Amino acid sequence: MRLSCRIALITGAAGGIGRAVALCFASEGAHVIVSDINASGCAETLQFLQEAGGSGFSIQADVMHEDEIQSLYRQIIDRFAKLDIVVNIAGGDCEPAADVEDIDYVKMSANLDLNLKSCILSCREAARVMKPQGFGKIVNMSSLVYRGSPNQFSYSAAKGGIYAFTRSLALSLGRYGITVNALAPALVAVPAFVTALGAERWEMLQKDCASRYPLGRVATPDDVARCALFLASDDAAFITGQILEISGGARL
C-alpha cells in the first residue's frame, strides 16, 4: 500500500473530488482526516470510507475563517501528533459566468477567500507541522482555468494564485523534505456541479467539452483522486513545484 501508516488531511471532503480522494487514500492505507463545512456530507464520506475498510476521522471546518483552519490543525496534532499529507481541495466558483463589467466585489472577495486564501492559510499551518518532522506532502487544487477563462475572472485569478503560491512554497520547503504540487483539472463530473446546472444544461456542457477534449470525455472524480495519490506517494518523491493538468488533452 502506497500510503501505509500515513496521516492525511483532505479538505472539501464532502464534495465529489474530495470524497474520491479520501476513499482512494484510505484504500492505500492512509488514516484519513476528512474535513468540510458540510458536516453531514463529511460524515457520509467517513461512513463510505469505513464501510470500505478504511480508517478515518471527521472534523468540521469552514476554511474561509482563519481561526477554524487553526483549530482544525490543532485537533489533528492533539489527536495524532503528526501530519504527513495535506490535500487542499475545498473551493468553488462564487461568481460563475460574470461579464467583466459585472464583477461583484463581494463575490470576488469570496472567490479569493474560499479558493486562494484558504489554501495559503492551510499550507501555513501544514508547514508549521511538517518542517519539524522533516517530511510532508502538500497537494493543492488549482484548475485548468489558471490559464485564463473569459467568464471566470476572480475564480481564474484565485486558481492562478494557487499556481504561483505552490511554486513559491515548493522553493521554500524543499530543504525540509516537503514536496508541494498542485492539480489543475478541466471539467470534472461532480454531483454538485450537475445539480447546480440542472441535468439538461449539464448534458449540453459535458457533450461540448467532450467534443473538444482529445480523449473525448470529461474527467471523473476518480481521475483526479488517482493523480492526487501519485503526488502524495513516494512515487513522486522527486517531484515538487509542479502543476499537473488533468485535462484529457484540453488546451494543448
Legend entry - Residue satisfying condition, being over 21 Å from Ala13 (Cβ atoms) and touching a residue at least 40 places away in the same chain (Cβ under 8 Å), within set Leu205, Leu183, Leu197, Leu173: Leu173
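Within the stretch 217-249, take every residue that is over 17 Å from the mean Cα position of the chain (by Cα), of a type outside the set (A, V, I, L, M) and not in a helix (DSSP H, G or I) and give me the one that is surrounded by the most Cβ atoms within 10 Å (Cβ to Cβ). Walk me through it before giving the result.
Initial filter on the stretch 217-249 (over 17 Å from the mean Cα position of the chain (by Cα)): 217-218, 234-239, 248-249.
Narrowing the set further to residues that are of a type outside the set (A, V, I, L, M) leaves 217, 234-235, 238, 248-249.
Subsequent filtering for residues that are not in a helix (DSSP H, G or I) retains 217, 238, 248-249.
Working: Arg217: 14, Phe238: 7, Gly248: 21, Gly249: 12.
If we take residues in the stretch 217-249 being over 17 Å from the mean Cα position of the chain (by Cα), of a type outside the set (A, V, I, L, M) and not in a helix (DSSP H, G or I), then Gly248 is surrounded by the most Cβ atoms within 10 Å (Cβ to Cβ).
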Inset, instruction - Among the residues of the stretch 108-125, count how many are without any contact (Cβ under 8 Å) to a residue 60 or more places away in the chain and touching a strand residue (DSSP E or B) at 6+ places or on another chain (Cβ under 7 Å). - result: 2
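Condition check ((1) closer than 18 Å to Ala127 by Cβ; (2) of a type in the set (D, E, K, R); (3) not in a helix (DSSP H, G or I)) across all residues:
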residue: Ile17; (1), (2), (3): no, no, no
residue: Cys42; (1), (2), (3): no, no, no
residue: Gly53; (1), (2), (3): no, no, yes
residue: Val63; (1), (2), (3): yes, no, yes
residue: Gln70; (1), (2), (3): yes, no, no
residue: Arg74; (1), (2), (3): yes, yes, no
residue: Val86; (1), (2), (3): yes, no, yes
Inset, instruction - Considering every residue within the stretch 45-68, establish whether at least one is farther than 30 Å from Leu197 by Cα and buried (at least 21 other Cβ atoms within 10 Å of the Cβ). - result: yes
Legend entry - First in the stretch 1-29 and without any contact (Cβ under 8 Å) to a residue 60 or more places away in the chain, second anywhere and outside any loop (DSSP other than H, G, I, E, B) and surrounded by fewer than 22 Cβ atoms within 10 Å (Cβ to Cβ), Cβ under 7 Å, 6 or more apart: Ala14/Gly41; Ala26/Ser55
Inset, instruction - Could you please find all residues in the stretch 13-42 being over 18 Å from Val190 (Cα atoms) and either surrounded by fewer than 24 Cβ atoms within 10 Å (Cβ to Cβ) or among the basic types (Lys, Arg) (or both)? - result: Ser27, Glu28, Gly29, His31, Ala39
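Read-outs throughout are calculated quantities, based only on the coordinates presented, and are distinct from any laboratory measurement. All values derive from a computational prediction rather than experimental measurement. So basically every Cβ, Gly included, is an ideal-geometry build from the backbone, and we count neighbours across all protein chains shown.
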